[in-house]
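Novice: One structure, pasted below without further comment.
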Protein chains: 2
Amino acid sequence: MSVVRLASTARAAAKSVQSSSIDACLDTIIKGDCVAALERLPEKSVDVIFADPPYNLQLDGDLHRPDHSKVDAVDDHWDQFDSFAAYDAFTRAWLLAARRVLKPNGTIWVIGSYHNIFRVGTSLQDLGFWILNDVIWRKTNPMPNFRGRRFQNAHETMIWASRDQNAKGYTFNYEALKAANEDLQMRSDWLFPICTGSERLKDENGDKVHPTQKPEALLARVLMASTKPGDVVLDPFFGSGTTGAVAKRLGRHFIGIEREQAYIDAAMARIEAVEPADAKTLKIVAGKRAEPRVAFAVLLETGLLKPGTLLTDAKRRWTATVQADGSLAVGGEQASIHRMGARVQGLDACNGWTFWHYEEDGELKPIDTLRAEVRKQMAAAGA
Amino acid sequence: MSVVRLASTARAAAKSVQSSSIDACLDTIIKGDCVAALERLPEKSVDVIFADPPYNLQLDGDLHRPDHSKVDAVDDHWDQFDSFAAYDAFTRAWLLAARRVLKPNGTIWVIGSYHNIFRVGTSLQDLGFWILNDVIWRKTNPMPNFRGRRFQNAHETMIWASRDQNAKGYTFNYEALKAANEDLQMRSDWLFPICTGSERLKDENGDKVHPTQKPEALLARVLMASTKPGDVVLDPFFGSGTTGAVAKRLGRHFIGIEREQAYIDAAMARIEAVEPADAKTLKIVAGKRAEPRVAFAVLLETGLLKPGTLLTDAKRRWTATVQADGSLAVGGEQASIHRMGARVQGLDACNGWTFWHYEEDGELKPIDTLRAEVRKQMAAAGA
DNA sequence: CGCTGGCATGAATCAGGCG
DNA sequence: GCGCCTGATTCATGCCAGC
C-alpha cells in the first residue's frame, strides 16, 4: 500500500500510513484494497464517507440497441461476485471497516441500484448504522430500456445514515439547503443529468476512463448537505475521483482509496486541475422544459377523466373513446392521443392535448385544460 | 379464518377456503393471518401480488418482544438486531407463502420506505424472486420534516419482481404505458399526490380509517402496467382495500387478506360502491409482438410476390432474388429474409421485413407492406 | 459564423414461439 | 426442456461534419 500525494497539497511525506494521525492522509489517494486501507487509518477520524461500491450487476450476454449497436456494459472484473452471499460478505467487511474510522457524529452515504442497494441497506442496519434518509437521484437523461420489457431505469438510490441510532450531532445544513431550494425544504428526490460531455474523463483513445463516473453536481449537493468547510470526506471506492474533485472545490479535505493505478492517475490529474471556487455547481437543475411533461394516463389515474369518456375535435368531426390504459380508440384501432389525432386527420403529427376535447356543461374544452390542473399539483413537487 | 364475500359478487358460499380452486376466493376478503391464509390458497393461482406490508416494529403484534422488556442504551444495538431479525423472519414467511400461490409467470409488487424496504428487497432476492425494477413513488404533497434534521421524505419505494430469474413471460403492457406517456417509455419514477380529500376513508368521527391508505392512482398504474383484464390480483395486507377498489374498477379480480374486522368492513363498503369500467374501454394497446406471425412464403403462395422478383435494401446497396421456396438468393447463397439481411450487412441479426424492399410504380416499399396486406386478409377471414 | 442533421452513447440483471 | 429461428426494440444529449 502506498500513499499518492497531490503536489499542490503536499505535506510532510509519510512512509506508511500511521494510525496515530489522519493529517498525513488528507487530500491523498491511498492505493490498495479498501478494507486493508481503512484498517490502517485511525478510528473516529473522518466526518463523512461517500461510497460508490460495485453494483454486482450480474449481466449475462450482450445487449444491442435497436440500431444494432452494442451497449458498452459494465463488465469489469471488480463488479464480479459469485453470489449474493459473497457480495454480502464484501459489503459487511468494508462497512465495518468504514464505521471504525467514522467519527461518532459522522455520516455515511452509499449509492447503488436495485441490484445491490437492498443488500447494502440491510447490512447498514445490521451493523448498527441508523438510516436518516434514502435519497433518489432522478436522471434527466437515463439510458432507455431497449427491449421494452421493463420500465426505463431512470434513477439510482443513495442511503444516508449516521454511525449510531443515537447520534444527534451529525451535520445537516438544513437552512442552507432550504435557501438554495426556493425556500422549500430539500426533498429526498433529486434531479440531475448523468455525467457526460466535457466533465466525463476520457483517455487518449477517447474512451471513458471509468464506466460509472458520477456527476459533480450530485456530489456537490451531498457535501453541501452533510459537511462543513474543512471536514474530512473519505471515499473508499475513489474511481475517477469525483468525490475528491468536489471536496477540493468546496473547501473540504478528501481521502481516497483505490486499487487501480489507471483510475488513480486520472483522478490525480483531474483534482490537480480543480480550482476551489464558488458553489455554483449546487444550482438546482430546473429542467430544460418550461412546463413539466404530463402523461395522459395521469388524467385517468387521478380520476380527472374516466375510461369510456368520448372525446372529439373542436368541430366534432371525429370521436374517440378514452381507454383505461391511456390510449384512444377509434373504430377498433388504439393509439396515443397524439398518434390518434394525427391518424384521423391523415397527418404525420398532431398535438393531442389541444386537438381532443371533452364536454362539460354542454361546452367543449380541450383536454389541455385538465393537463393544466395536473400541473398545478405537480408544481408543488418541483417536478 | 373466514371468507368475507361482497354481496354484489356473491357465489356459492364456502365454509372454508379450499385448496382445490381459486374461484371461490375471487373478489373476496379473507379474514385472518396472512401466512395462514396464503397457505390455504392453491399454488400457482395468482397473476399479481401487491403488498403493502407493515414496517413499524413496535406497533405490530407479531413483532413484539415476548417480555415487553425495556432495554437501556447499551443494549440498543442488540435490540435493533433482534427487531430486524424478527422482521426478516416475518418478511421471509409471508414472501415464501406468497411465492407459492404466484403463477410461474406472475409478478409481485412490494411497497415500503427506508425503514423496511431494504429488508424486503434482500429477502426477495434470497428467496429466488428476480427484481425487474424498483419504482419510486414521488409524492407531490409529502409531509414536511418538522425537526429540520433530515431531508423531506418525499417518496416511497416499490419493488417489482418476477417469481423466478428465468421467467420471461410476465405481463408488462409496454405499448400501452408508452402510448399513455406522451409516446415515451414509462420511467421508474412516478409522481402522484398522497391520498387525501374525498378519496381518503374516514370513520364516523371523521378520523382516517387506515393510517397508510394508498392513492388509487398509484394502484391504477401498477395494475395497468402488469396485469390484463380478468387477471387475479392478491393483496395480503388488504387494509382499506385500495387494491380491491382499483382492481374492480379496471376489470381485474382481487383477493384480499386482512386481520382487522374494522378494515374489512370499511373495504367492503368501499368496493361495493365502485363502478366497474366498461369492458370495451379496458382493451389494452397491443404492440407488434401481438400481431400474428406471417411466413414469408405466404406472400408467394398468395401471389403478392412472385419467384424471381428482385428485392433491395432502401438504398439499393444490395439486391436479392426471391426463390420459390421462400428464401432469398444473393450470389449463389440462399437464406431466410432475416438471415440474408444480416449477412449482406455483416450483422448478427436483421429484421428482413423492414430491411428488404420491392419496387412498385418506381417506388421502393418494404415487404412489411405486403405482410400488412396479408394480415388484413387474415383478420377479415377471422383467423 | 450559426444552424441543422447525423451519429455516438450512458451502472442494463432487456424475447418468444415452435418443433 | 432444449435448440433454432423469427423479428421486435431507444431517450436525451453532446459532438461533429456539412452547408
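Novice: Which residue out of B:Ala154, B:Ala167 is out of contact with any helix residue (DSSP H, G or I) (no Cβ under 8 Å at 6 or more places or on another chain) and either open to solvent by 40 Å² or more (accessible area, probe 1.4 Å) or within 16 Å of DNA strand D (Cβ to nearest atom) (or both)?
Specialist: B:Ala167
Novice: Consider the stretch B:254-297. How many of its residues are in contact with a Ser or Thr (Cβ under 8 Å, 6 or more places away or on another chain), more than 16 Å from DNA strand D (Cβ to nearest atom) and either within 14 Å of chain A (Cβ to nearest Cβ) or part of a helix (DSSP H, G or I) (or both)?
Specialist: 7
Novice: Could you go through the stretch B:229-243 and let me know if any residue there is surrounded by fewer than 20 Cβ atoms within 10 Å (Cβ to Cβ) and within 17 Å of A:Asp325 (Cβ to Cβ).
Specialist: Among the residues of the stretch B:229-243, at least one is surrounded by fewer than 20 Cβ atoms within 10 Å (Cβ to Cβ) and within 17 Å of A:Asp325 (Cβ to Cβ), which makes the answer yes.
Novice: Would you confirm whether or not the stretch A:348-355 contains a residue that is more than 11 Å from every other protein chain (Cβ to nearest Cβ), touching a residue at least 12 places away in the same chain (Cβ under 8 Å), surrounded by fewer than 19 Cβ atoms within 10 Å (Cβ to Cβ) and more than 13 Å from A:Leu299 (Cβ to Cβ)?
Specialist: yes
Novice: Any residue at all in the stretch A:181-191 that is within 16 Å of DNA strand C (Cβ to nearest atom) and either at pLDDT below 95 or on the phi < 0 side of the Ramachandran plot (or both)?
Specialist: Yes.
Novice: Can you list residue pairs whose Cβ atoms sit under 9 Å apart, with the first residue in the stretch A:47-75 being within 13 Å of DNA strand D (Cβ to nearest atom) and the second being acidic (Asp, Glu)? Count only pairs 6 or more apart in sequence or on different chains.
Specialist: Sorted first by the residue in the stretch A:47-75, then by its partner, the pairs are A:Asp62/B:Asp348; A:His64/B:Asp348; A:His68/B:Asp348; A:Lys70/A:Asp62; A:Val71/A:Asp62; A:Asp72/A:Asp207.
Novice: Hey, another quick one. If you take the residues in the stretch B:318-343 that are touching a residue at least 24 places away in the same chain (Cβ under 8 Å) and open to solvent by 40 Å² or more (accessible area, probe 1.4 Å), which one is nearest to DNA strand C (Cβ to nearest atom)?
Specialist: That would be B:Ser336.
Novice: Of all residues in the stretch A:93-128, how many are among the aromatic types (Phe, Trp, Tyr) and at the interface with chain B (Cβ under 10 Å from one of its Cβ atoms)?
Specialist: Selection size over the stretch A:93-128: 2.
Novice: Look at the stretch B:170-180 and say how many of its residues are within 14 Å of A:Arg150 (Cβ to Cβ) and assigned to a loop (DSSP other than H, G, I, E, B).
Specialist: Summing the residues that are within 14 Å of A:Arg150 (Cβ to Cβ) and assigned to a loop (DSSP other than H, G, I, E, B) in the stretch B:170-180 gives 4.
Novice: If I filter the stretch B:252-260 for residues that are buried (at least 24 other Cβ atoms within 10 Å of the Cβ) and without any contact (Cβ under 8 Å) to a residue 60 or more places away in the chain, do I get at least one hit?
Specialist: Yes, the conditions are met somewhere in the stretch B:252-260.
Novice: Now for a separate question. Collect the residues in the stretch B:201-228 that are away from chain A (no Cβ under 13 Å) and either under 16 Å from the mean Cα position of the chain (by Cα) or open to solvent by 40 Å² or more (accessible area, probe 1.4 Å) (or both), keeping them in residue-number order.
Specialist: B:Lys202, B:Asp203, B:Glu204, B:Asn205, B:Gly206, B:Asp207, B:Lys208, B:Pro211, B:Thr212
Novice: Please go through the stretch A:218-235 and give me each residue that is among the hydrophobic types (A, V, I, L, M, F, W, C) and either under 13 Å from A:Lys248 (Cα atoms) or modelled with pLDDT under 95 (or both), ordered by number.
Specialist: A:Leu219, A:Ala220, A:Leu223, A:Met224, A:Val232, A:Val233, A:Leu234
Novice: Could you list, in sequence order, the residues of the stretch B:261-306 that are out of contact with any helix residue (DSSP H, G or I) (no Cβ under 7 Å at 6 or more places or on another chain), within 16 Å of DNA strand C (Cβ to nearest atom) and open to solvent by 60 Å² or more (accessible area, probe 1.4 Å)?
Specialist: B:Lys288, B:Arg289, B:Ala290, B:Arg293
Novice: Determine whether B:Asp368 is acidic (Asp, Glu), more than 14 Å from chain A (Cβ to nearest Cβ) and within 11 Å of DNA strand D (Cβ to nearest atom).
Specialist: Yes, satisfied.
Novice: Sticking with this structure for a sec: Restricting attention to the stretch A:356-383, which residues are under 17 Å from A:Gly308 (Cα atoms), touching a strand residue (DSSP E or B) at 6+ places or on another chain (Cβ under 7 Å) and touching a residue at least 60 places away in the same chain (Cβ under 8 Å)?
Specialist: A:Ile367
Novice: Could you figure out which of (1) free of Cβ contacts under 8 Å to residues at least 60 places away in the same chain; (2) within 16 Å of DNA strand C (Cβ to nearest atom) isn't true of A:Glu216?
Specialist: Against the list (1) free of Cβ contacts under 8 Å to residues at least 60 places away in the same chain; (2) within 16 Å of DNA strand C (Cβ to nearest atom), A:Glu216 comes up short only on (1).
Novice: Just one of B:Val274, B:Val322 is within 27 Å of the chain's Cα centre (by Cα) and not hydroxyl-bearing (Ser, Thr, Tyr); which is it?
Specialist: Every option except B:Val274 fails the conditions.
Novice: Of the residues in the stretch A:170-180, how many are within 10 Å of chain B (Cβ to nearest Cβ) and either open to solvent by less than 30 Å² (accessible area, probe 1.4 Å) or touching a residue at least 60 places away in the same chain (Cβ under 8 Å) (or both)?
Specialist: 3
Novice: So B:Asp235 fits all but one of (1) in contact with a Phe, Trp or Tyr (Cβ under 8 Å, 6 or more places away or on another chain); (2) without any contact (Cβ under 8 Å) to a residue 60 or more places away in the chain; what number is the exception?
Specialist: Tallying (1) in contact with a Phe, Trp or Tyr (Cβ under 8 Å, 6 or more places away or on another chain); (2) without any contact (Cβ under 8 Å) to a residue 60 or more places away in the chain, B:Asp235 fails exactly one: (2).
Novice: Taking A:Thr196 as the residue in question, decide whether it is among the polar types (S, T, N, Q) and touching a Ser or Thr at 6+ places or on another chain (Cβ under 7 Å).
Specialist: When the stated conditions are applied, A:Thr196 does not pass them.
Novice: Report the residue count in the stretch B:129-156 for those that are within 16 Å of DNA strand C (Cβ to nearest atom) and facing chain A (nearest Cβ under 7 Å).
Specialist: 6
Novice: Is it the case that A:Thr196 is open to solvent by 20 Å² or more (accessible area, probe 1.4 Å), more than 14 Å from DNA strand C (Cβ to nearest atom) and among the β-branched types (Val, Ile, Thr)?
Specialist: no
The values are calculated or read from the model by the stated rules, or taken from the named source; none is laboratory data. This structure is a prediction, so every number in the text was calculated from the model and none was measured. Heads up, the Cβs are rebuilt from the backbone with ideal geometry, glycines too, and the neighbour counts pull from every protein chain shown. With ligands, DNA and RNA removed, areas are computed over all heavy atoms of the protein, side chains included. Shrake-Rupley method; radii C 1.70, N 1.55, O 1.52, S 1.80 Å.
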